[in-house]
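The values are calculated or read from the model by the stated rules, or taken from the named source; none is laboratory data. Source: prediction; values computed, not measured. Quick reminder, even Gly has a Cβ in these numbers, built from the backbone with ideal geometry, and neighbours come from all protein chains shown.
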Amino acid sequence: MARARQKQSARASAARIIAEVLQKHHSLNGVLANTLERLPENERSLCQQLCYGVIRWQPQLQAIASQLIKKPLKNKDGDIAALLLCGLYQLRSMRIPEHAALSETVNACKTLGKPWATGLLNASLRNYQRDKTSFDTIALQQESAKYAHPDWLIAQIKHDWPDNWQAILKANNQQPPMMLRVNQQQHSRAEYMLQLQQANIVAEELTQTPEGILLESPCDVYQLPGFRNGDVSVQDGAAQLVASLLDIQADQRILDTCAAPGGKTCHILETQPDNEVVALDVDPARLQLIEQNTQRLKLNAKLIAADASDITSWWDGQKFDRILIDAPCSGTGVIRRHPDIKVLRRPEDITSLAETQQQLLENLWPLLNTGGLLVYTTCSALKRENEQQIMDFLNRHPEAQEHTPIKPPASRRQAGYQRLPGDDLLDGFYYACLRHH
Ligand SMILES: C[S@@+](CC[C@H](N)C(=O)[O-])C[C@H]1O[C@@H](n2cnc3c(N)ncnc32)[C@H](O)[C@@H]1O
């Protein structure tokens, strides 16, 4: 058994994970979480870096790999194809001595039970090493390789943002910073900054949000002072802006409709812990994550597993003062955090997501009290899911009016506010605040 464990090297595991994402379209986070806990601790960081790096740069790495291996490998050898991408990524982007990167990657063929591939990988990687510039130049002639995005998504972003599409694509390929939200029920931000300093964690206050902190470099959450005790949560500043836009006051009844894993539910409750907050998610497994988060942060929400659009299945007939629809979306504003979005999303998804978003808006709007506020948000950079969606809604509903309690650090659009990837350090996000009058 011990020997079998040793066979789980970082590179072999990364190759298996990447093949699963590329071939079976499983989510990177999901597959990675299952594998990492079975890997020896000293292999985990490398495995994670390889998975994220290769998935982030896959179109570019693949354009090089296709020059090195003219006859594509069989489907069942997707792990070897992925291992070649891991080798190229190490040679191009990691600070590992080239000889070690090469020999360890070639050795991983044996760990994968495919010793026949050692010659092929060795020859391919050495071939690349000898003439990197020529292989790179040919690869980068393809736009999808140059920007490391699928063609359809490049076309869509170009169409929506003709003036800054390149900046968006470039920002999507950056490694994301780690940001925190201080639980204002436990500490002020200034107090928590001191605790970080005492723990030798370098950080600065986020200028865009009242409770946000930016870490100089990412760390394990359990290294954060008081994490277990609910002093702090991990959340990008763009998501933190949502609570302020909801303009939460005491004694309000609040509905959070697409709530898991509960980042915004918890923030809403940290603002006014005595408010009644109903948090819904269609996915019962993800609903448990809200339970874990509220417990850790010592907060209380009423959790319901239901399709929010199907109001007859869950609504008790009492209206709400605030409704948050943090809608399921393409995730095109947070590609830097979830690079597998580039692999998993298909162009037709945008149409079906837009339909789901419209249905959520239509079915939940009648649940808002007169004078109440509905906040619609997405982490998308596409107009169809954002300003177009809200323009259409406003056209259908004369009783709805835009009313934004604070001006968010985002660009004003025809309807709502848009942050694009690369605008500053925060994620891409869209916000629209609609008042029922
Ligand atoms: C963007 S995520 C929400 C993130 C969450 N608001 C937070 O801040 O942590 C979207 C969520 O919507 C859920 N969802 C998708 N369609 C839904 C529906 N019809 N009703 C309720 N939840 C839905 C998904 O399961 C997913 O958890």
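Below is a table of values for the structure above.
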| item | result |
| --- | --- |
| Any hit, region 392-413, residues being touching a residue at least 40 places away in the same chain (Cβ under 8 Å) and part of a helix (DSSP H, G or I) | yes |
| Pairs with Cβ under 8 Å, 6+ apart, first in region 300-325 and more than 12 Å from Asp256 (Cα to Cα), second among the charged types (D, E, K, R) and more than 10 Å from the ligand (Cβ to nearest atom) | Gln318/Arg253; Lys319/Arg253 |
| Test: residue in region 52-71 that is at pLDDT below 95 and over 26 Å from Lys146 (Cα atoms) | no |
| Verdict on Leu373 being hydrophobic (A, V, I, L, M, F, W, C), at pLDDT 95 or above, on the phi < 0 side of the Ramachandran plot and assigned to a strand (DSSP E or B) | yes |
| Filter result (out of contact with any Pro (no Cβ under 8 Å at 6 or more places or on another chain), in contact (Cβ under 8 Å) with a residue 24 or more places away in the chain and near the ligand (Cβ under 6 Å from one of its atoms)) within region 266-286 | Leu280, Asp281, Val282 |
| Looking only at region 344-364, and only at residues there that are among the polar types (S, T, N, Q) and within 14 Å of the ligand (Cβ to nearest atom), the one that is farthest from Gly30 (Cα to Cα) | Asn363 |
| Of residues in region 174-188 being over 22 Å from the mean Cα position of the chain (by Cα) and surrounded by fewer than 18 Cβ atoms within 10 Å (Cβ to Cβ), the one nearest to Val334 (Cα to Cα) | Gln184 |
| Counted residues, region 209-265 - those being within 14 Å of the ligand (Cβ to nearest atom), part of a strand (DSSP E or B) and farther than 18 Å from Arg435 by Cα | 2 |
| Where Glu205 falls short, out of the listed (1) farther than 30 Å from Gly371 by Cα; (2) touching a residue at least 12 places away in the same chain (Cβ under 8 Å); (3) out of contact with any Lys or Arg (no Cβ under 8 Å at 6 or more places or on another chain) | (3) |
| Filtered residue count, region 77-92, keeping only those that are out of contact with any helix residue (DSSP H, G or I) (no Cβ under 6 Å at 6 or more places or on another chain) and not aliphatic (A, V, I, L, M) | 2 |
| Condition broken by Ala381, with the remaining ones in (1) in a strand (DSSP E or B); (2) in contact with a helix residue (DSSP H, G or I) (Cβ under 9 Å, 6 or more places away or on another chain); (3) among the small types (Gly, Ala, Ser) satisfied | (1) |
| Residue that is surrounded by 16 or more Cβ atoms within 10 Å (Cβ to Cβ) and over 24 Å from Pro421 (Cα atoms), where the choices are Leu382, Leu361 | Leu361 |
| Conditions (1) crowded, with 18+ Cβ neighbours inside 10 Å; (2) touching a helix residue (DSSP H, G or I) at 6+ places or on another chain (Cβ under 6 Å): number failed by Lys319 | (1) |
| Matching residues, region 89-135, being of a type in the set (Gly, Ala, Ser) and surrounded by 16 or more Cβ atoms within 10 Å (Cβ to Cβ) | Ala101, Ala108, Ala117, Ser124 |
| Enumeration of residues in region 371-403 that are under 30 Å from Lys342 (Cα atoms) and within 16 Å of the ligand (Cβ to nearest atom) | Val375, Tyr376, Thr377, Thr378, Cys379, Ser380, Ala381, Leu382, Glu385, Asn386, Gln389 |
| Breaking point among (1) within 14 Å of the ligand (Cβ to nearest atom); (2) surrounded by 14 or more Cβ atoms within 10 Å (Cβ to Cβ), for Thr312 | (2) |
| Any chance Leu153 is buried (at least 20 other Cβ atoms within 10 Å of the Cβ) and more than 30 Å from Ile290 (Cβ to Cβ) | yes |
| Number of positions in region 252-297 that are charged (D, E, K, R) and within 21 Å of Gln186 (Cα to Cα) | 6 |
| Close pairs (6 angstrom Cβ cut-off, 6 or more residues apart or separate chains): free of Cβ contacts under 8 Å to residues at least 60 places away in the same chain in region 375-386, more than 14 Å from the ligand (Cβ to nearest atom) and in a strand (DSSP E or B) anywhere | Tyr376/Ala432 |
| Test set (1) under 26 Å from Val202 (Cβ atoms); (2) buried (at least 20 other Cβ atoms within 10 Å of the Cβ) - Leu299 fails condition number | (1) |
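One line per residue, one yes/no per condition, for (1) more than 30 Å from Gln90 (Cβ to Cβ); (2) of a type in the set (A, V, I, L, M); (3) in contact with a strand residue (DSSP E or B) (Cβ under 9 Å, 6 or more places away or on another chain):
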| site | (1), (2), (3) |
| --- | --- |
| Asp131 | no, no, no |
| Ala145 | no, yes, no |
| Asp151 | no, no, no |
| Asn164 | yes, no, no |
| Gln185 | yes, no, no |
| Glu204 | yes, no, yes |
| Ile213 | yes, yes, yes |
| Gly226 | yes, no, yes |
